[in-house]
Amino acid sequence: MQPVIVRHKPQPERNFQKTNVAALFVTVELYEILTSDSRHPGYSSERERLMIINIGHSRLELVQGDITRQSVDAIVNAANSQLCGGSGVDGAIHSAGGPSIMADTQKRYPEGCPTGKAVASVAGNLSAKYVLHAVGPVWRGGRDGEPAMLASAYRACMKLAVELQCSSIAFPAISTGVYGYPIDLAAGNSLKTAVDFIKWHKAPSLVRFVLFSEGAFGAFSRALEEIVPQ
Ligand code: AR6
């Protein structure tokens with residue numbers, strides 16, 4: 001079901017922008033939506049800012065909120081390579097999803113998961129079908145392969161989502177918390193990777209970036225505006 005749009009914030013120069021890029025029809029819309037309506041379970045229960053682009057038949061969204069409250073097929077966790085749990089998104093997902101997520105992860109992947117890759121587990125009490133545990137890079141100044149590793153982690157999740165027949169996936173801003181990746185750099189890299197994947201694979205149908213803070217949402221929305229061709 002579509003979200004209730006309570007206020008449409010037109011962006012005169014950008015709204016309903018239509019651009020032919022690689023034969024894809026791209027529109028950009030910026031909404032402020034009221035999501036406390038229980039008929040709209042795809043979003044968390046707070047007023048959220050939402051930015052949308054349509055890429056062919058897929059949709060990429062930026063939303064400010066808590067990833068554990070998203071109703072999507074796959075929720076991505078920003079994990080460590082031991083898959084042993086931690087703080088940030090990892091802590092929130094294990095706390096909201098319950099112990100079955102860690103039990104399943106440890107049973108299936110006792111060796112952990114290398115940086116730049118992702119693995120799938122059950123989603124416990126979360127409304128998703130799967131949790132995809134992605135391991136992003138630790139930021140060491142940017143000359144240690146961090147951009148390639150970050151893009152690789154996002155691609156691994158999207159590939160897994162397609163293989164597992166998930167039509168919707170929610171990402172946090174991988175590596176931008178404990179791992180210290182600068183948010184502006186991460187935003188451009190992550191969004192470009194997602195847009196490229198959607199263009200090539202024409203899936204998943206919905207890719208949602210769930211940004212925890214206003215600052216993170218701002219960084220991602222600025223980066224998205226730069227990526228979408230004028
Ligand atoms: N929903 C959405 N985003 C969130 C949430 C949430 N509930 N909570 C935090 N964020 P981080 P990393 C944002 O540190 O940098 C863990 O200990 C947060 O503001 O969770 O990849 C793991 O076990 C930030 O922008 O992940 C690893 O050891 C982003 O999510 C390590 O941290 C990512 O922050 C991974 O570090």
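The values are calculated or read from the model by the stated rules, or taken from the named source; none is laboratory data. Please read these numbers as outputs of a predicted model, since none were measured by experiment. Backbone-built Cβ (ideal geometry, glycine too); neighbour counts: all protein chains shown.
Brief remarks follow.
- Scanning region 75-114 for residues that are touching a strand residue (DSSP E or B) at 6+ places or on another chain (Cβ under 9 Å) and under 12 Å from residue 124 (Cα atoms) gives 75, 93, 94, 97, 100, 101, 102, 103, 104, 105.
- Check on residue 131, within 17 Å of residue 74 (Cα to Cα), touching a helix residue (DSSP H, G or I) at 6+ places or on another chain (Cβ under 7 Å) and either part of a loop (DSSP other than H, G, I, E, B) or away from the ligand (no atom under 14 Å from the Cβ) (or both): no
- Boolean, residue 114 is farther than 19 Å from residue 175 by Cβ, away from the ligand (no atom under 13 Å from the Cβ), modelled with pLDDT of 95 or more and surrounded by fewer than 18 Cβ atoms within 10 Å (Cβ to Cβ): no
- The set of residues from region 189-226 being buried (at least 21 other Cβ atoms within 10 Å of the Cβ), more than 11 Å from the chain's Cα centre (by Cα) and outside any helix (DSSP H, G or I) comprises just one member, 204.
Okay, residues lined up against (1) within 16 Å of the ligand (Cβ to nearest atom); (2) at pLDDT 95 or above:
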| position | (1), (2) |
| --- | --- |
| 163 | no, yes |
| 183 | yes, yes |
| 190 | yes, yes |
| 199 | no, no |
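- Reported count of residues in region 89-126, each being among the basic types (Lys, Arg) and in contact (Cβ under 8 Å) with a residue 12 or more places away in the chain, is 2.
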